[in-house]
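Everything below concerns the one structure shown next.
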Amino acid sequence: MKPVGERVVEWTLKGLAFSALASLLLIAVFIFMEGAPFMVRLGVKDFLFSSDWRPQEGHYGIFAMIVASVWVTLGAMLVGAPLGIAGAVFLNEFAPESVRRVIKPMIELLAGIPSVVYGFIGVMVVAPLIREHLGGAGLSVLAAALILGVMILPTVISISSDAIGSVPRSYREGALALGATRWQSVHMVVLKAARSGIAASVILGMGRAVGETMAVIMVAGNAVTIPHSPLDSVCTLTAKIALEMGSAVGLHRQALFATGVVLFIGIMVLNGLAMAAMKKRSART
């Protein structure tokens with residue numbers, strides 16, 4: 001029989017773990033209770049597949065915001081995922097120890113910078129450069145994607161670096177002993193062995209990009225239109241909720257909660273698809 005003190009600690013830790021799950025469940029229940037009835041009342045089709053968002057006139061269509069969120073997120077992943085994985089490979093496989101001790105803490109420090117600072121840089125530096133050299137208003141999908149791509153770098157690099165670092169040294173030595181070059185051993189052995197951790201870093205980075213609000217509000221332009229070019233101004237789901245929740249009442253407030261429901265479901269679906277793809281790939285190999 002376990003000592004009383006050990007049992008107390010065990011039940012305390014279990015209680016803390018279940019309290020975290022309970023908090024998540026309560027948040028989900030609250031959002032669905034506030035937003036789901038509105039979706040049923042308006043009609044899921046009219047809510048999801050209409051781009052007409054005019055709350056004062058009773059029109060609540062979020063299709064343009066869904067498309068904008070997808071564009072911005074994919075753009076951020078195109079920028080941040082390759083750079084993050086490449087940075088993790090460099091830090092673990094090619095950088096000297098003295099360089100690694102300096103660069104890695106600096107990269108992790110980026111995660112502590114407030115998002116409003118990234119947004120300010122986007123407004124003052126990135127948007128004017130886009131406007132001068134590529135055209136458009138500057139505040140656009142491209143600006144938001146570039147800023148979010150930089151914001152997710154600490155997440156992707158840190159987790160990918162840990163995954164690559166956990167690959168046994170014998171894997172590398174075995175590949176080199178068989179005649180592989182250093183890059184071939186990294187590409188064909190190390191990255192494949194660490195792919196689940198790398199995929200997890202990309203998924204977490206995607207979640208960061210989807211859920212980011214302040215920086216997107218500042219650099220995306222906040223125009224509720226379907227983008228046809230990376231230079232178009234857009235308004236994402238998170239930006240619309242943040243911009244209007246403070247003054248929304250009645251059906252308008254319920255519509256914003258319904259928007260939160262769509263965002264919640266979308267993130268869950270993305271994570272589920274990513275996990276399924278990881279399992280399928282692992283089973284094949």
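Bear in mind that the values in this text are calculations on the coordinates, not laboratory data. As the structure is a prediction and not an experimental result, all values here were calculated from the model. Glycine also receives a Cβ, built like all others from the backbone with ideal geometry; neighbour counts cover every protein chain displayed.
In straight-distance terms, cross-link reach from residue 14 covers every one of the aspartates and glutamates whose alpha-carbon lies under 16 Å from its own, apart from those fewer than eight places away in the same chain; here that gives 6.
Measuring nothing but how far apart in sequence close Cα pairs (under 8 Å, 6+ apart) lie, relative to its length, the chain scores a relative contact order of 26 percent. Compute the helix-to-body angle for 153-165: its Cα long axis versus the longest principal axis of the chain, expressed 0 to 90° and rounded to tens. With both axes taken from Cα atoms, the answer is about 30 degrees.
From the largest down, the range 4-48 spans 58, 13, 8 angstrom on the principal axes of its Cα atoms.
When every Cα-Cα distance of the range 72-160 is counted in 10 angstrom steps from zero, the calculated P(r) takes the values 17, 41, 29, 12, 1 percent.
With the chain treated as a Gaussian network of Cα nodes joined by springs under 10 Å, which of 17, 258, 144 yields the largest mean-square fluctuation? In the Gaussian network model the winner is 17.
Both the radius of gyration and Dmax for the range 1-132 are 23.8, 74 Å, in that order, over alpha-carbon atoms.
Name the residues of the range 102-123 whose amide N is less than 12 Å from a point 7 angstrom out from the Cα of residue 16 along the C-beta direction? Inside the label zone: nothing.
At a temperature of 10 °C and a viscosity of 1.306 mPa s, determine how fast the range 53-110 diffuses translationally according to Stokes-Einstein, using the Kirkwood radius over alpha-carbon pairs as Rh; express D in µm²/s, rounded to the nearest whole number.
Values: Rh = 14.6 Å.
My calculation gives 109 µm²/s for D.
So if the hydrodynamic radius of the chain is defined as the Kirkwood radius over C-alpha pairs, what does Stokes-Einstein give as its diffusion coefficient at 25 °C and 0.890 mPa s, in µm² per second? Calculated translational D: 114 µm²/s.
The H on the amide N of residue 60, modeled in the peptide plane, is under 5 Å from the matching H of 54, each at least 5 residues off or on a different chain. In the range 62-284, a dipole from Cβ-located charges (positive for Lys and Arg, negative for Asp and Glu) runs towards its positive end, and of 269, 80, 248 it is 269 whose Cα lies farthest in that direction. Computed extension gain for residue 247 through residue 59, at 0.36 nm per residue and net of the alpha carbon distance, reaches 66.0 nm.
In whole angstrom, note down how far apart the Cα centers of the range 206-239 and the range 38-99 are. Using only Cα atoms to place each centre, the spacing works out to 8 Å. Taken one residue at a time, the phi angles of the range 72-79 give Karplus couplings (6.51, -1.76, 1.60, θ = phi - 60°) of 5, 5, 5, x, 5, 5, 5, 7 Hz. Gly and Pro are set to x.
What is the order of 240, 104, 45, 192, fewest Cβ neighbours within 10 Å to most? Display every interim value, and only then the final one.
On the way: 240 23, 104 19, 45 9, 192 15.
In order of increasing Cβ crowding within 10 Å: 45, 192, 104, 240.
Only one residue of 166, 198, 239 has its Cα farthest out toward the positive end of the dipole of the range 62-284, where Lys and Arg carry +1 and Asp and Glu -1 on Cβ, and that residue is 166.
What size of dipole, in debye to the nearest 20, comes out for the chain about its Cα centre when the only charges are +1 on Lys and Arg C-beta atoms and -1 on Asp and Glu C-beta atoms? All intermediate terms of the calculation are to be shown ahead of the outcome.
On the way: 22 positive and 15 negative charges, 193 e Å.
For the chain, the charge dipole is close to 920 debye.
Working note: 222 nm ellipticity from helices only, DSSP H runs with n ≥ 4, each -39,500 (n - 2.57), summed and divided by the residues of the chain, gives -22500 deg cm²/dmol to the nearest 500.
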